[in-house]
Amino acid sequence: MEHGAAPTPAGDRHWRGSARLAVAYALVFGTLTALTDWEAGTLTPGRAALWLGLATAIGLLLMPPRVAAGRGWLSVRGPLCRRAVRTDALVGVRQYDGVSSHLVFRDIDGRRLELDPRVLAANPFLWHEVDRGLRHSLQSGTLCQGVEVLRRLERAIDDEGARAVLKESGMS
């Protein structure tokens, strides 16, 4: 790395594969619906535009959010909006379980971000950047809510990493 250059932010290493899968599903849907309509002899330009629009909507709905983190920040960019928080100035972290477990981060500026904890567990470099900011928030005293949530998450990620190492070494 060049002296003085900003470090490259960490990101979700599985995003491209998930995005390709979302596009593939949308293309399959669009193709099958158009072919079915064509085979029935009812395909018109208006109906083709309808199938194209529906396939695009499905692709956008299935597109995973893009997660990135750097020194002191975490961002999640979806198809419609981007949210970011300062991890070095967090005031709270909550975990909501249920159909889809997610973490909610809040910083001192009032910004809020939701994230699936599996993204952090699957991306060690991303977790490292988030963890560095969390530790800074703890040391500076801004983080008042969610310390136990973070400890549980850290243990889960460490356990998952240890299992992966054991599996790769053939010891599990």
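Going through ALA84, ALA22, ALA34 one at a time, which residue ends up being open to solvent by less than 60 Å² (accessible area, probe 1.4 Å), outside any loop (DSSP other than H, G, I, E, B) and over 22 Å from HIS102 (Cα atoms)?
The match here is ALA34.
Restricting attention to the stretch 49-93, report how many residues are of a type in the set (Gly, Ala, Ser) and within 17 Å of the chain's Cα centre (by Cα).
Just the residues of the stretch 49-93 that are of a type in the set (Gly, Ala, Ser), to begin with: 49, 53, 55, 57, 59, 68-70, 72, 75, 78, 84, 89, 92.
Retained after the next criterion (residues that are within 17 Å of the chain's Cα centre (by Cα)): 59, 68-70, 75, 78, 84.
Summing the residues that are of a type in the set (Gly, Ala, Ser) and within 17 Å of the chain's Cα centre (by Cα) in the stretch 49-93 gives 7.
Filter the stretch 104-118 for residues that are out of contact with any His (no Cβ under 8 Å at 6 or more places or on another chain) and open to solvent by 30 Å² or more (accessible area, probe 1.4 Å); which is nearest to GLU148 (Cα to Cα)? If you could, list the steps in order and put the result at the bottom.
Looking only at the stretch 104-118, we keep the residues that are out of contact with any His (no Cβ under 8 Å at 6 or more places or on another chain), and these are 104-113, 118.
This time we only want the ones that are open to solvent by 30 Å² or more (accessible area, probe 1.4 Å), so: 106, 108-112, 118.
Details: ARG106: 15, ILE108: 19, ASP109: 22, GLY110: 21, ARG111: 21, ARG112: 19, ARG118: 17 Å.
Top of the filtered list is ARG106.
Residue under question is TYR96, and the condition is that it be hydroxyl-bearing (Ser, Thr, Tyr) and under 17 Å from the mean Cα position of the chain (by Cα); does it hold?
Working: hydroxyl-bearing (Ser, Thr, Tyr): yes; under 17 Å from the mean Cα position of the chain (by Cα): yes.
Spelling it out, TYR96 is indeed hydroxyl-bearing (Ser, Thr, Tyr) and under 17 Å from the mean Cα position of the chain (by Cα).
For the stretch 126-172, which residues satisfy the criterion of being within 27 Å of ILE108 (Cα to Cα), modelled with pLDDT under 90, of a type in the set (A, V, I, L, M, F, W, C) and not in a helix (DSSP H, G or I)?
The one that is within 27 Å of ILE108 (Cα to Cα), modelled with pLDDT under 90, of a type in the set (A, V, I, L, M, F, W, C) and not in a helix (DSSP H, G or I): CYS144.
Can you name the residue in the stretch 120-145 that is crowded, with 21+ Cβ neighbours inside 10 Å and in contact with a strand residue (DSSP E or B) (Cβ under 6 Å, 6 or more places away or on another chain) and is also nearest to SER18 (Cα to Cα) among such residues? Give the steps one after another, and end with the answer.
Within the stretch 120-145, the first condition is being crowded, with 21+ Cβ neighbours inside 10 Å, and the residues that meet it are 120, 123, 126-127, 129-130, 133-134, 137, 143.
Retained after the next criterion (residues that are in contact with a strand residue (DSSP E or B) (Cβ under 6 Å, 6 or more places away or on another chain)): 126, 129-130, 137, 143.
Values: LEU126: 17, GLU129: 22, VAL130: 22, SER137: 32, LEU143: 33 Å.
Result: LEU126.
Checking VAL93 against (1) out of contact with any strand residue (DSSP E or B) (no Cβ under 8 Å at 6 or more places or on another chain); (2) surrounded by 17 or more Cβ atoms within 10 Å (Cβ to Cβ): exactly one of these is not met. Which one?
Unmet condition: (1).
The values are calculated or read from the model by the stated rules, or taken from the named source; none is laboratory data. Bear in mind the structure is a predicted one, so any value in this text is a computation, not a measurement. Cβ sites come from the backbone with ideal geometry, for glycine too, and all protein chains shown count toward neighbours. Ligands, DNA and RNA are stripped out before the accessible areas are found, and what is left, the full protein with its side chains, is counted by its heavy atoms. Shrake-Rupley method; radii C 1.70, N 1.55, O 1.52, S 1.80 Å.
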